[in-house]
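Chemist: Quick one: structure below, then a few questions.
All of the numbers you see were taken from the coordinates with simple rules; none came from a lab. All of these numbers come straight from a predicted model, not from anything done at the bench. Virtual Cβ from ideal backbone geometry, glycine too; neighbours counted across all protein chains shown.
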Amino acid sequence: MDKLIDLFKALSDETRLRILVLLYNRKLCVCQIQGIMEESQPKISKHLAKLKAAGLIKDERQEQFIYYYLREDSNILKDLLKKIILDCDKYPITKKDLNKLEKANEYIIQKISNDS
């Protein structure tokens, strides 16, 4: 029962739900999520940590970036996210995020340029 409560707590926050929608089809690093959502890096990192603690996402390091992605075995979550994505016209902020997702790689280039 505690696991189920943790799941609903994680899903009850708009920022975390937006992150999960972005991670539906691809791995993203913090700077990509930050760029898409126009939020601060600490805020995004805090929410990613909560999603990871709830067992909804995993991460992997690739060179200097840590990429986050949905767990493979989270079918119920994936079904829910798919419905949100298919109905994104009802959720303007989600639609905006998904439109910006196409530019995700630009945020990595921008981050590397800023760090140089």
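Chemist: Mind telling me which of R18, R26, R61 comes out most flexible in a GNM of the chain, alpha-carbon contacts under 10 Å?
Modeler: Highest fluctuation of the listed residues: R61.
Chemist: Toward the positive end of the charge dipole of the chain, about the Cα centre and with charges on Cβ (Lys, Arg +1; Asp, Glu -1), which of N25, L98, I76 goes farthest?
Modeler: So the residue we want is I76.
Chemist: Let me ask another. If you place +1 on the Cβ of every Lys and Arg, -1 on the Cβ of every Asp and Glu, and leave all else neutral, what size is the dipole of region 2-115 about its Cα centre, to the nearest 20 Debye? Walk me through the numbers on the way to the answer.
Modeler: Details: 22 positive and 18 negative charges, 28 e Å.
Here region 2-115 has a charge dipole of around 140 debye.
Chemist: To continue, here is another question. Lysines within cross-link reach of K100: Cα-Cα under 23 Å, excluding same-chain residues under 8 positions apart?
Modeler: Leaving aside lysines fewer than 8 places away in the same chain, those within reach of K100 are K27, K43, K46, K58, K78, K82, K83, K90, K111.
Chemist: If I build a Gaussian network model for the chain, linking alpha-carbon pairs within less than 10 angstrom, which residue out of L22, L101, L80 has the largest mean-square fluctuation?
Modeler: Judging by the Gaussian network model, the answer is L80.
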